[in-house]
Amino acid sequence: MFESFKTRAEAVSAEVHRFGTKAEALNFIVEQLKNEGISEAPGKYAVWADCPFLKGVDKASLTAQFPGLKFEFDRKFAKEAHIGITQMDWGIANTGTLAGDQTAVEQRLASSLSWIHIAIVATDKILADLPSLMTKMHPNQAGFLALITGPSRTADIERVLTIGVHGPERLIIVCVDELGGLN
């Protein structure tokens, strides 16, 4: 299932990485924060919406290393964030789509206002297709069900494609084998 998901997600310009453990995934995310120069400055913030992945993570150590990293944030910080990090509930293999309950406003802010969205998903939560998702989660169970396929894109009447106009210009998907029961 993962290979199909990866192929489809990459076909719509998402970057997909797979890690066996949470520690490996966290190291990768930290490296992304470092590479993007996250700091205490507008346009260089990173926001990380509360999620099961953060259980046991030393947030104080991360904020000491990256003063611009916010675990508690509002619309102002999210709007000025370079990176937004969320954990999605599911992946859909046949379209490379991420799906998740984003009823919590921080989830929506982190995934839609930053320039780069890093989305964490448990590898075993990748399903075959949308009907498979509907057997696991009905839209009535979520106040806001988000489906994200690739970075934001739009085209004008002449079919000129523009990336990042209505949302993140980069989508980095971090699949973690070890997260099976953490959604």
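The values are calculated or read from the model by the stated rules, or taken from the named source; none is laboratory data. What you see is a predicted model; the values in this text were computed from it and never measured. Backbone-built Cβ (ideal geometry, glycine too); neighbour counts: all protein chains shown. Heads up: the accessible areas ignore ligands, DNA and RNA and are worked out on the full protein's heavy atoms, side chains in. Shrake-Rupley method; radii C 1.70, N 1.55, O 1.52, S 1.80 Å.
Here are the numbers:
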{"quantity": "For residue 130, solvent-accessible area (1.4 Å; no DNA, RNA or ligand), Å²", "calculated": "80"}
{"quantity": "Heavy-atom surface of the chain, accessible at 1.4 Å and reported per residue (Å²)", "calculated": "48"}
{"quantity": "Range in the chain, longest, excluding exposed trypsin sites (Lys or Arg not before Pro) [loop by DSSP; at most 10 other beta-carbon atoms within 10 Å]", "calculated": "56-158"}
{"quantity": "Of 47, 120, 1, farthest towards positive along the dipole that unit charges on Lys, Arg, Asp, Glu beta carbons give the chain", "calculated": "47"}
{"quantity": "Rounded percent of accessible protein surface that carbon and sulfur make up, the chain, 1.4 Å probe", "calculated": "52"}
{"quantity": "Taking all pairs of distinct alpha-carbon atoms in segment 23-124, Kirkwood radius in angstrom", "calculated": "13.7"}
{"quantity": "Amide H within-cut-off set for residue 68, under 5 Å, with H built and near neighbours excluded", "calculated": "39, 40"}
{"quantity": "Along each principal axis, Cα extent of the chain, largest first, Å", "calculated": "45, 43, 30"}
